[in-house]
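Reviewing the structure listed below.
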Number of protein chains: 2
Amino acid sequence: MFNQLSIIGCGLIGSSIFKALKKKGLVKKLITFDNDESVTRIIKKEKLTDKIVSSLEEAVHDSQLVLISTPFSSFESIVGSLKKYLKPGTILTDTNSVKKGPDEIIKKINLKNISWIPGHPISGTEKSGPTSGTAELFENRWTILSPSSEADQSDIKKVSDLWESIGSKVKIMSATDHDKILSLTSHLPHVIAYNIVKTTMDNNEKLKTDIIRYSAGGLRDFTRIAASNPTMWKDIFIDNSDLIVDAINNFSRNLEEFKKIIAEKDGKKLLSIFEKAKESREAVIKAGQDTDKPNFGRK
Amino acid sequence: MFNQLSIIGCGLIGSSIFKALKKKGLVKKLITFDNDESVTRIIKKEKLTDKIVSSLEEAVHDSQLVLISTPFSSFESIVGSLKKYLKPGTILTDTNSVKKGPDEIIKKINLKNISWIPGHPISGTEKSGPTSGTAELFENRWTILSPSSEADQSDIKKVSDLWESIGSKVKIMSATDHDKILSLTSHLPHVIAYNIVKTTMDNNEKLKTDIIRYSAGGLRDFTRIAASNPTMWKDIFIDNSDLIVDAINNFSRNLEEFKKIIAEKDGKKLLSIFEKAKESREAVIKAGQDTDKPNFGRK
């Protein structure tokens, strides 16, 4: 599909993309760049890509599509450095978990004749780095593309096809809608997971040991979510700060109400909340977004 | 070990106990009782126990150990009905997720010459009912026993041996400590999971559909926890109300602070919170309370 494609940033997401592309044999020449030497060493050792380069200039030279999958806090400096090397007509895309922030940077840097098709694969794990990447990471997951209304339709199709070729489903929506939906489905849950881990661990050592020991009753699931890549989440919380604060405010209002119901021991109201929550779980499974196996099938 | 053992209540926990005991061949005669006919039909059809009885009197006649694993809201009426049928020296135990409440009921009902050894297996799934029970449910999980200081040591050992024989690790602690620890490791996480599902689903239909569709970014894990047995959780929230309200207050205080850090876009403080949370995750895995597989190994 592409003669030459470049991936800048080879962490969990970048490495999963090139592993999937290589496995399917979909790109003639795959070039990768990462500014972390330990990452490069792993990729070289495991012969994961066709060419590993040591500069951004080499990374994008002659590529039809350039994909940036670094932490968002590096995005501006990378795009700034790339500006003079990108040939007119190149498709530039990303995998950032926020979509308004990258748009603003692209506008500010004012790339000429570059086709900017931003994207976000809603997939990942709590693990980071190239050894955690897998070719199957995107299978049956959604990737959201948020191109501007002026974007070239055939370029949108190329990026869309790329994601579909590695197993993803693709949805196109505005950056505004994306950031709103993700503030609820992903950012708020992460805030809450971090906060519950902090709240339960803010205890004396004896109690802390017991809390860890008996964490299988619910807490352990939150610790998993709270183990995600710190830099990535710092960047998300900063970039989508306003919507996340809104979501926290709604959450807190509901929690105060809920607390009142618990304090009043109102069994009828409790049951009604639980029954509704059960319906949401069924909807998530029906939408193919989780497995129905108890405990996620874990032993 | 026991010639005859009775299990009253054959949901997820009760059925897992008798499946495990049957599998290991540890009890000569296993008697079960459940007041739900559909439950009894399933057990009968699958030939899961030695004898299914239709009254509490038959259920406990001649048994050396009687285990109650019904929802806590039925506990008082069951113990009240059992009172006249229990022979002196019988060991009575339970699997309630709260431990102070059952103690108060036992005191109130004033059973004579009965050996009350309360217990709580910290295991389970979001599924309910006898078809969800498995013989492996307790393997490598903790069961907490909270007998009073006057309890017979050899009876404590019998109940402890019973749990260990089906794969559980056993810890003895006071009902007060149990309810405090569980308010943090299990009850608070469930409050939060219900509340996050409520907060995200309190939106118009269009946004709700999108939220379910893109729930793989974190929310889906909370929907699993929020799909647990409604009656059981109503009972827990009512019985451990005070400690849960305390935990919510601590959580809310921390959340307000966290919100401020997000609103101020304080990257340094965010990173420090995330790094600490990551350490807790490592401690949970080290303590054998979860698998290290990404995404719990789910596809």
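For the range B:213-222, which positions are of a type outside the set (A, V, I, L, M, F, W, C), more than 15 Å from A:Asp177 (Cα to Cα) and assigned to a helix (DSSP H, G or I)?
B:Gly217, B:Arg220, B:Asp221 - these are the residues of the range B:213-222 that are of a type outside the set (A, V, I, L, M, F, W, C), more than 15 Å from A:Asp177 (Cα to Cα) and assigned to a helix (DSSP H, G or I).
Can you find, within the range A:195-254, the residue that is surrounded by the most Cβ atoms within 10 Å (Cβ to Cβ) among those that are more than 7 Å from chain B (Cβ to nearest Cβ) and among the hydroxyl-bearing types (Ser, Thr, Tyr)?
A:Ser228
Yes or no: B:Ser241 within 25 Å of B:Lys99 (Cβ to Cβ), without any contact (Cβ under 8 Å) to a residue 24 or more places away in the chain and out of contact with any strand residue (DSSP E or B) (no Cβ under 7 Å at 6 or more places or on another chain)?
Details: within 25 Å of B:Lys99 (Cβ to Cβ): yes; without any contact (Cβ under 8 Å) to a residue 24 or more places away in the chain: yes; out of contact with any strand residue (DSSP E or B) (no Cβ under 7 Å at 6 or more places or on another chain): yes.
Yes, satisfied.
Return only the number of the condition from (1) touching a Leu at 6+ places or on another chain (Cβ under 6 Å); (2) modelled with pLDDT of 95 or more that A:Gly80 does not satisfy.
(1)
Would you call A:Thr40 touching a residue at least 24 places away in the same chain (Cβ under 8 Å) and in contact with a helix residue (DSSP H, G or I) (Cβ under 7 Å, 6 or more places away or on another chain)? Spell out how you get there, then give the answer.
Working: touching a residue at least 24 places away in the same chain (Cβ under 8 Å): yes; in contact with a helix residue (DSSP H, G or I) (Cβ under 7 Å, 6 or more places away or on another chain): no.
No.
For B:Val170, only one of the following conditions fails: (1) touching an Asp or Glu at 6+ places or on another chain (Cβ under 7 Å); (2) surrounded by 20 or more Cβ atoms within 10 Å (Cβ to Cβ). What is its number?
Unmet condition: (2).
A:Asp290 versus (1) more than 7 Å from every other protein chain (Cβ to nearest Cβ); (2) modelled with pLDDT under 95: which is the lone unmet condition?
(1) is the only condition that A:Asp290 fails.
Table: residues versus (1) buried (at least 24 other Cβ atoms within 10 Å of the Cβ); (2) touching a helix residue (DSSP H, G or I) at 6+ places or on another chain (Cβ under 8 Å); (3) more than 23 Å from B:Gly288 (Cα to Cα); (4) not charged (D, E, K, R).
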| position | (1), (2), (3), (4) |
| --- | --- |
| B:Lys99 | yes, yes, yes, no |
| B:Ile106 | no, yes, yes, yes |
| B:Asn110 | no, no, yes, yes |
| B:Asn113 | no, no, yes, yes |
| B:Trp116 | no, yes, yes, yes |
| B:Ile122 | yes, yes, no, yes |
| B:Glu126 | no, yes, no, no |
| B:Thr131 | no, yes, yes, yes |
| B:Glu136 | no, yes, no, no |
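For the range A:110-155, how many residues meet the condition of being in contact with a Pro (Cβ under 6 Å, 6 or more places away or on another chain) and of a type in the set (S, T, N, Q)?
4
Is there any pair linking a residue in the range A:1-20 that is among the aromatic types (Phe, Trp, Tyr) to one that is part of a strand (DSSP E or B), with Cβ under 7 Å and at least six apart or on different chains, and which?
If the second residue must be part of a strand (DSSP E or B), the pairs left are A:Phe2/A:Val27; A:Phe2/A:Leu65; A:Phe18/A:Ile7; A:Phe18/A:Leu30; A:Phe18/A:Thr32.
What single numbered condition from (1) within 30 Å of B:Gly218 (Cα to Cα); (2) surrounded by fewer than 16 Cβ atoms within 10 Å (Cβ to Cβ) fails to hold for A:Glu58?
Only one criterion is unmet by A:Glu58, namely (1).
Can you spot a residue in the range A:107-121 that is in contact with a strand residue (DSSP E or B) (Cβ under 8 Å, 6 or more places away or on another chain), under 23 Å from A:Ala227 (Cα atoms) and outside the structural domain of A:Thr223 (by TED's automatic domain parsing)? Steps first, please.
Our first condition is that a residue be in contact with a strand residue (DSSP E or B) (Cβ under 8 Å, 6 or more places away or on another chain); within the range A:107-121, this holds for A:111, A:114-121.
From what is left, the residues that are under 23 Å from A:Ala227 (Cα atoms) are A:120-121.
From the residues that got through so far, the ones that are outside the structural domain of A:Thr223 (by TED's automatic domain parsing) too are A:120-121.
There is at least one residue in the range A:107-121 that is in contact with a strand residue (DSSP E or B) (Cβ under 8 Å, 6 or more places away or on another chain), under 23 Å from A:Ala227 (Cα atoms) and outside the structural domain of A:Thr223 (by TED's automatic domain parsing).
Looking at B:Thr143 and the list (1) closer than 12 Å to B:His120 by Cβ; (2) facing chain A (nearest Cβ under 10 Å), which single condition is not satisfied?
Every condition holds for B:Thr143 apart from (2).
Write out, first by first residue and then by second, each pair whose Cβ atoms fall under 9 Å of each other, whose residues are 6+ apart or on separate chains, and whose first residue, in the range A:54-77, is on the phi > 0 side of the Ramachandran plot while the second is part of a loop (DSSP other than H, G, I, E, B).
Partner pairs satisfying both residue conditions: A:Asp62/A:Lys87.
Please determine whether any residue of the range A:284-294 is within 25 Å of B:Asp242 (Cβ to Cβ) and either among the basic types (Lys, Arg) or not assigned by TED's automatic domain parsing to the domain that holds A:Asp221 (or both).
First, pick out the residues of the range A:284-294 that are within 25 Å of B:Asp242 (Cβ to Cβ): none.
Looking through the range A:284-294, none of the residues is within 25 Å of B:Asp242 (Cβ to Cβ) and either among the basic types (Lys, Arg) or not assigned by TED's automatic domain parsing to the domain that holds A:Asp221 (or both).
The values are calculated or read from the model by the stated rules, or taken from the named source; none is laboratory data. If you're wondering where the values come from, they're calculated on a predicted model, not measured in any experiment. A quick note on method: Cβ atoms are made from the backbone with ideal geometry, for glycine too, and the neighbour counts reach across all protein chains shown.
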